[in-house]
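Here is the structure we will look at.
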């Protein structure tokens, strides 16, 4: 029974993510989501009670992985290892949660008007933690004296673009869908660019 519930909720979130991403919150109808997910409309209300709750669930489906993605930065002392893991994970989120990522991006671009306060606060705390860790690495001599804020924004933009502009990227690369190898190459390229461009290294200058 639990597996059926999990499978149904996964189908609902995927369908809702697509509709919210393509048409926005106001223009999306629960009936259309139910049809796309091939699940009776009453079942959606059974699982989520309301369209508002479903929208929050879609946001959580991507913000929870985003919040988890920064654990290497929080927990690891080695900036090379931490940034490599962070960039790779951020790209995998763009790959595996493309539509939900677009919903989140649209929410941010609209000023976060419907973003739940607790999620907003968690994301803010995460940002402050990342900036503080970058500053620590700079102070330790493990990174050039770059702007910690702009480094974080650059990583966000470079990884998020594979979700938000996936159609254009596929068109330029003449592919219907990016492969695992494409994402691996993107992760390697972005990691090398960040590490070399910001002078990131494992050992402190005094060691």
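Assorted remarks:
- Taken over the stretch 78-113, the residue count meeting the criterion of being modelled with pLDDT under 95 and over 15 Å from the mean Cα position of the chain (by Cα) is 4.
- Residue match in the stretch 196-203 (condition: in contact with a helix residue (DSSP H, G or I) (Cβ under 7 Å, 6 or more places away or on another chain) and not in a loop (DSSP other than H, G, I, E, B)): no
- Taking each residue of the stretch 41-67 that is outside the structural domain of residue 104 (by TED's automatic domain parsing) and under 16 Å from residue 112 (Cα atoms) and looking for partners that are at pLDDT below 95 and surrounded by fewer than 15 Cβ atoms within 10 Å (Cβ to Cβ) with beta-carbon atoms closer than 7 Å, six or more apart or interchain, yields 55/114.
- Residue list for the stretch 17-40, filter: farther than 19 Å from residue 113 by Cα, without any contact (Cβ under 8 Å) to a residue 60 or more places away in the chain and surrounded by 15 or more Cβ atoms within 10 Å (Cβ to Cβ): 30, 32, 33, 34, 36, 37, 39
- If you go through the stretch 137-161 and pick out every residue that is within 19 Å of residue 124 (Cα to Cα) and touching a residue at least 60 places away in the same chain (Cβ under 8 Å), you end up with 4.
- Residue match in the stretch 110-128 (condition: crowded, with 16+ Cβ neighbours inside 10 Å and within 30 Å of residue 202 (Cβ to Cβ)): yes
- You will find that of 10, 17, the residue that is assigned to a helix (DSSP H, G or I), closer than 11 Å to residue 55 by Cα and not assigned by TED's automatic domain parsing to the domain that holds residue 96 is 17 and no other.
- Qualifying residue in the stretch 108-117 (condition: in contact with a helix residue (DSSP H, G or I) (Cβ under 8 Å, 6 or more places away or on another chain) and part of a helix (DSSP H, G or I)): no
- Being surrounded by fewer than 20 Cβ atoms within 10 Å (Cβ to Cβ), modelled with pLDDT of 95 or more, touching a helix residue (DSSP H, G or I) at 6+ places or on another chain (Cβ under 8 Å) and outside any helix (DSSP H, G or I) is a condition met by at least one residue of the stretch 59-76.
The values are calculated or read from the model by the stated rules, or taken from the named source; none is laboratory data. Here the structure is a predicted model, which is why all the values come from computation and not from measurement. Glycine gets a Cβ as well: all are built from the backbone with ideal geometry, and neighbour counts include every protein chain shown.
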